[in-house]
Structures are given as structure tokens and as C-alpha cells.
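To keep things clear, I will list the structure first and then write my remarks on it.
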Amino acid sequence: MSNGQRHHIDTLVIGGGQAGLAVGYHLTRRGVPFLIVDANERTGDAWRNRWDSLRLFTANKFNGLPGMAYPDQTWSFATKDEIADFLESYAHHYELPIRHGVEVTHLTAEGDRFVAVTADREYEADNVVVAMSSYQKPKLPEFASELDPSIVQIHVVDYKNPDQLRQGDVLVVGAGNSGAEIAFELVRGRHVLLSGPSTGHPPFRPAGRSGRILVPILSPVILRVLNTSTPMGKKARPQILKRGAPLVRVREKDLVEEGVERVGRTVGVVDGYPELDDGRVVDVANVVWCNGFDPGLSWIDLPVFDENGQVDHDRGVVSAVPGLYFVGLRFLHSIASDTLLGVGRDADHVAEHVCDRRSVPQSVS
């Protein structure tokens, strides 16, 4: 709980990852005073804290943030630590004002200003940009607590490498990119079952010869077509958000060839062991949960959510609460909104709205 100290800032940016940094860059260009607060202890920690072998799915030559391309402009794929270091150097280069180790636990409005509460102070702001991804709170099924205590359970947010697991079979729940990559890593030393429906895959591998030819051609087209401004994008968005992204690096064929056993959905627990949708009960020593996240925005005490609990916005602008904005959410505007490739465009759009609002103040009450 805050000790009562209150500090006023024109625009408060909550989140210091790639979205917050991009917003900071565009606010700086427009001369808007702002402060970024981030719960992590160091810029880039959201990447550093992910599993050890993680690499980006996009080639380095397409990565970067507004005003700064990734330094290695080749067809290599950066490690998660290399991206973390890039974000840190970006923040230092543009001298972005960031306070680390600051978690906002409550956001509300008082009169025509917002109030963000942290452990030791409150921030009063005319504008707030929530610059966070949709992957804040690990999601577990209710029946996870019914698994036998001897089974090691770990969510992808805490998974680092195979050494965290017991010897024995592993059930990886969730067959999206994270689940597929982790299953592919684990199968080299044990039997792995990958649970869940396939999310499909592109017709070519980005790292292959065809990818090197097609990605530079198709990426701009996809960004122009798969966004909330086009009929195709509006139609595709709900399905993409519900189903998950297609497999980029590890395909179904790769998993099968390496010996990963593909099974159906995990639907419950029988006698302490996971039960699949075909009634099979699997005797495993470990379960790795890769079944998704909750956006984790319950600390926002403002009328910003629709009937499904999703943020109700138009390209990051919340019309119901003037002065409140979002950047970094999945498919906020385009299929690449939560990536290095697409976050800069969304940040520019939101920063422009912040700048416009400063010249015509509005009430948030």
C-alpha cells in the first residue's frame, strides 16, 4: 500500500518492455513529459527471464524499435538475452526516464486525473499508457491442484531448462509455439507427450531458402491486410486470438520425427494423473503448462473492459476513458502488434493521440 507520497506526471507509461520503450521514444519526439515505470529490476528482464533456449521467430534484419534497427542485420535469429540487451541499450541511447522495481497495483481516476498506486508512492497523471503484453498472469486449469504431489508441475513462465524436471515422462499441455519448442527440447532426453490441437503453420519456414525470398515480400502485405482497419483483419482477429499463432520454427512433422507423442486435450485428473479427452489417463512424472496467460489487468479499476473481460479499445485508444491508452496487447491493431516488428506503429498512433489530447484536455471521470 502507498505511504501517501503523490507525484504528478503529465503522462505515465506502465511497463518498460518493448511496448513501453517504443511509446517513450514517440513521446520524446513530440516533447511530451513522461515517466515509464516497470516492475522488473532491469530493462529487458521480461525477455531474460524466459526459458534458456528461446530464440526469436523473426530474423534479426527485421527486428528493431523506432529509431534503431537491431545491430546484427543478418538472417540470424537472436537469443532472448540478446534481445534483452538490445532493449536495455535502446533505453540508454534515448535516455528514456524509467523507474525499475515499481509495480502498479491499482489504477483509478480522481476528477480529471488518473491515480496509479504502487508500494511506496502514488502517481497522479493526466494521461496513462498501459504498455504491457497479454501474457502477464499464468493460466492454469482448476484441476491442476488435483494432480499427485509427486508430479512436478511448472508453467512456461517459470520453465528454464530440462534440469528443473524429474526423470520420467513429460506431458506438455498446449501445442502452440511455446509448447512445441519446449516439447522438442525435452524429447531429446525423455518421452514427451504434447497435448492440444495443432495451431497450423505457414507454408514455408522463415529460416529456410523460401522464407528468405518470401518473408521480405509477404510481411508488409500481411501487416497491411491483417489489421483492425480491414475486413479481412477484423474477421481473422477473433480466431487468431482464440486459437493462437501458427507454429513458426518447430512443425508437427518435426515433433513426430523426433519422437514426441501427439495427444488430445488434457481435460481433468483421475487418481492423481492427467486425463485426456479420449479418456486415456497418462502416467507422467512432469507436467509443463503452456496453455496460455490471462492479461492480468484486474488492477485497473476503470470501465475499460467489455462483456468478455477484454479491453474495449480502438487501436489502443479507450474512448470510454479519455486519456487512457494501451500498447503491446495481442492484435491490438495488427497481427504483429505484440512484436518488435509491429509495436512501433501502434506506439506512434497512441503517442499522437496523447499529444492531441494535451492541447484539448478532457475529463476522465
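Would you check if Ser334 is among the polar types (S, T, N, Q) and either surrounded by fewer than 24 Cβ atoms within 10 Å (Cβ to Cβ) or touching a Pro at 6+ places or on another chain (Cβ under 9 Å) (or both)? Steps first, please.
On the way: among the polar types (S, T, N, Q): yes; either surrounded by fewer than 24 Cβ atoms within 10 Å (Cβ to Cβ) or touching a Pro at 6+ places or on another chain (Cβ under 9 Å) (or both): no.
Judged against the criteria, Ser334 is not a match.
Which one is nearest to Ala207 (Cα to Cα) among residues in the stretch 228-253 that are of a type in the set (Gly, Ala, Ser) and either open to solvent by 90 Å² or more (accessible area, probe 1.4 Å) or modelled with pLDDT under 90 (or both)?
Within the stretch 228-253, the first condition is being of a type in the set (Gly, Ala, Ser), and the residues that meet it are 229, 233, 236, 244-245.
Then drop every residue that is not either open to solvent by 90 Å² or more (accessible area, probe 1.4 Å) or modelled with pLDDT under 90 (or both), which leaves 233, 236, 244-245.
Values: Gly233: 26, Ala236: 25, Gly244: 21, Ala245: 17 Å.
Per the stated criteria, the residue is Ala245.
Kindly list the number of the only condition in (1) more than 22 Å from the chain's Cα centre (by Cα); (2) under 30 Å from Glu142 (Cβ atoms) that fails for Gly211.
(2)
Out of the residues in the stretch 62-85 that are open to solvent by less than 50 Å² (accessible area, probe 1.4 Å) and out of contact with any strand residue (DSSP E or B) (no Cβ under 8 Å at 6 or more places or on another chain), which is modelled with the lowest pLDDT? I'd like the intermediate steps shown before the answer.
First, the residues of the stretch 62-85 that are open to solvent by less than 50 Å² (accessible area, probe 1.4 Å): 63-66, 68, 70, 75, 77-80, 83-84.
With out of contact with any strand residue (DSSP E or B) (no Cβ under 8 Å at 6 or more places or on another chain) added as a condition, the list becomes 64-66, 68, 75, 83-84.
Numbers: Gly64: 96, Leu65: 97, Pro66: 97, Met68: 97, Trp75: 89, Ile83: 97, Ala84: 98.
The qualifying residue modelled with the lowest pLDDT is Trp75.
Please go through (1) touching a helix residue (DSSP H, G or I) at 6+ places or on another chain (Cβ under 7 Å); (2) within 30 Å of Thr118 (Cα to Cα); (3) free of Cβ contacts under 8 Å to residues at least 60 places away in the same chain for Arg315 and return the number of the only condition it doesn't satisfy.
(3)
List pairs: first in the stretch 189-201 and under 8 Å from Arg262 (Cα atoms), second β-branched (Val, Ile, Thr) and assigned to a loop (DSSP other than H, G, I, E, B), Cβ under 8 Å, 6+ apart or cross-chain?
Taking only residues 6 or more apart or on different chains, the pairs are Leu193/Val260; Leu193/Val282; Leu193/Val284; Leu194/Val260.
Which of the residues spanning the stretch 296-308 are more than 11 Å from Thr108 (Cα to Cα), touching a strand residue (DSSP E or B) at 6+ places or on another chain (Cβ under 9 Å) and not hydrophobic (A, V, I, L, M, F, W, C)?
Of everything in the stretch 296-308, those that are more than 11 Å from Thr108 (Cα to Cα), touching a strand residue (DSSP E or B) at 6+ places or on another chain (Cβ under 9 Å) and not hydrophobic (A, V, I, L, M, F, W, C) turn out to be Gly296, Ser298.
Would you mind listing the strands (runs of 3 or more DSSP E) fully within the stretch 9-127 where at least 2 residues are touching a helix residue (DSSP H, G or I) at 6+ places or on another chain (Cβ under 8 Å) and touching a residue at least 12 places away in the same chain (Cβ under 8 Å)? Steps first, answer last, please.
Values: elements: 34-38, 98-100, 106-110, 113-117.
Hits in the stretch 9-127: 34-38.
Among the residues of the stretch 304-339, count how many are touching a Ser or Thr at 6+ places or on another chain (Cβ under 9 Å), among the β-branched types (Val, Ile, Thr) and in a loop (DSSP other than H, G, I, E, B).
Within the stretch 304-339, residues that are touching a Ser or Thr at 6+ places or on another chain (Cβ under 9 Å), among the β-branched types (Val, Ile, Thr) and in a loop (DSSP other than H, G, I, E, B) number 1.
Can you name every residue in the stretch 298-331 that is among the small types (Gly, Ala, Ser) and surrounded by 15 or more Cβ atoms within 10 Å (Cβ to Cβ)? Let's see the steps before the verdict.
Narrowing the stretch 298-331 to residues among the small types (Gly, Ala, Ser): 298, 309, 316, 319-320, 323, 328.
Answer for the stretch 298-331, where residues must be among the small types (Gly, Ala, Ser) and surrounded by 15 or more Cβ atoms within 10 Å (Cβ to Cβ): Gly316, Gly323, Gly328.
Of these, Val256, Val267, which one is assigned to a strand (DSSP E or B), out of contact with any Leu (no Cβ under 6 Å at 6 or more places or on another chain), surrounded by fewer than 16 Cβ atoms within 10 Å (Cβ to Cβ) and at negative phi?
Values: Val256 fails: assigned to a strand (DSSP E or B).
So the residue among Val256, Val267 that is assigned to a strand (DSSP E or B), out of contact with any Leu (no Cβ under 6 Å at 6 or more places or on another chain), surrounded by fewer than 16 Cβ atoms within 10 Å (Cβ to Cβ) and at negative phi is Val267.
For Gly168, work out the one condition from (1) modelled with pLDDT of 95 or more; (2) buried (at least 17 other Cβ atoms within 10 Å of the Cβ) it doesn't fulfil.
(2)
Determine which single condition Arg280 fails, assuming it passes every other condition in (1) more than 30 Å from Thr108 (Cα to Cα); (2) open to solvent by 80 Å² or more (accessible area, probe 1.4 Å); (3) within 21 Å of the chain's Cα centre (by Cα); (4) not β-branched (Val, Ile, Thr).
(3)
The values are calculated or read from the model by the stated rules, or taken from the named source; none is laboratory data. This one's a predicted model, so the numbers in the text were calculated from it and none came from an experiment. Heads up, the Cβs are rebuilt from the backbone with ideal geometry, glycines too, and the neighbour counts pull from every protein chain shown. The accessibility values were calculated without ligands, DNA or RNA, using every heavy atom of the protein model including side chains. Shrake-Rupley method; radii C 1.70, N 1.55, O 1.52, S 1.80 Å.
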